[in-house]
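The values are calculated or read from the model by the stated rules, or taken from the named source; none is laboratory data. Remember, it's a predicted structure, so these values are computed and weren't measured experimentally. Backbone-built Cβ (ideal geometry, glycine too); neighbour counts: all protein chains shown. These accessible areas exclude ligands, DNA and RNA; they are computed on the full protein's heavy atoms, side chains included. Shrake-Rupley method; radii C 1.70, N 1.55, O 1.52, S 1.80 Å.
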Amino acid sequence: MLRLIALILTCSSASGFMSALAPAPRLRASTTTTLSAQLSRRDVLTSTTSAASAALVASLPLDAWAADPKLGTKDRPIVVLGSSGKTGKLIVEKLLSLNLHTLAASRSGTSTFPPSPYLTNTQVDVTSPSSLTSTLSSCSGCVFAASASKNGGSALLVDYKGLSYTAQACVDNGVPKLVVVSSGAVTRPESVGFKITNVFGRIMDYKIAGETELRRIYSTSKTSHYTIIRPGGLSSSPSTGASSVEVSQGDILSSEIGREDVAELVVASLTAGGKTDDVTFECYGTGGETLFGMKTGPAKLSKGLESRDELIHRSDSFEGLVTGLLTDSEMAKKGIVSTYTGKDIEPM
């Protein structure tokens, strides 16, 4: 919708308008992207346009200014599973700030958000296929931000089986996009990050098992797609913008990242449309220096891993960070993707 409006306002001839409507090619492996894929309402209205065109743009509903006008509508909201968690809450808040209708789903169903015309709260159990089916029956997107917790279930039930049930429910109900918040180092059992995190109920083994099952489920779907986001160690540090974040692929690099930045990348993955279909990427902070001059930031998860510049993405916008990603099938051809799928995993 935004692209169409901008073209109507800027194209001076019928032939120029029709040629501009030709679909743009999908970008791949761009290391730096600064072009924003969205135009703001103010930018369009203040450009050189006729009074009639400006009036037409101004009359459009605010919801139409999402990248996809069918995303986050009242009849087809975006479902956030695990909305009561620290990261889940931030994702819901970001979606609401964009006036996208959001269904905040949690085990308790209790709202922790201020009232909003764009917000609905619901109770859901990700370990129950029937509960997921009813929740996902009419949504335009889904975010899986649930994970094992003392009150929410074990890693076996949530990160493995819960994600598998969610993936199946999304495919069965024709949900266009499922965005999953997983974990960096999940395919590198030799890494320190994997070993330390896996102590807590084998959470890393079950996370990668859930990812593997998800990919199997989606392998036969032509209409539903997924994005898997693997953040480094999560912190509560406020976002300092996309330029302080790095995205890469191959599960090779990692470092700490703020939950706010992860929430931004989740929303960008939803609104980016086909650019994030069937991709997996890692995200982490670029770091800086400590008071003692020590360097912080991304580091290899283990010795012997090759870091390729073409698989590292930097940008001044979060949408730019998720532009040019390779699909999982394309990454597999690179020969650097780990084949680890978890140890002693119970069959579904």
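What the table below lists for this structure:
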{"read-out": "Hits in the stretch 87-145 - residues which are closer than 17 Å to THR271 by Cα and out of contact with any strand residue (DSSP E or B) (no Cβ under 8 Å at 6 or more places or on another chain)", "value": "LEU90, GLU93, LYS94, SER97, LEU98, ASN99"}
{"read-out": "Candidates SER329, SER307, filtered to the one that is surrounded by fewer than 24 Cβ atoms within 10 Å (Cβ to Cβ) and in a loop (DSSP other than H, G, I, E, B)", "value": "SER307"}
{"read-out": "Entirely in the stretch 97-197, the strands (runs of 3 or more DSSP E) that have 2 or more residues that are within 22 Å of the chain's Cα centre (by Cα), at pLDDT 95 or above and over 26 Å from PHE281 (Cβ atoms)", "value": "119-123"}
{"read-out": "Members of the stretch 97-118 that are within 21 Å of SER137 (Cα to Cα) and either among the aliphatic types (A, V, I, L, M) or open to solvent by less than 30 Å² (accessible area, probe 1.4 Å) (or both)", "value": "LEU100, HIS101, THR102, LEU103, ALA104, ALA105, SER106, GLY109"}
{"read-out": "Filter pass, ILE345 being farther than 20 Å from SER243 by Cα, modelled with pLDDT of 95 or more, among the aliphatic types (A, V, I, L, M) and part of a loop (DSSP other than H, G, I, E, B)", "value": "yes"}
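Every residue, every condition in (1) over 23 Å from ASP205 (Cα atoms); (2) aliphatic (A, V, I, L, M), yes or no:
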residue	(1), (2)
THR122	yes, no
ASP125	no, no
SER130	yes, no
SER134	yes, no
CYS139	yes, no
GLY152	no, no
ALA155	no, yes
TYR160	no, no
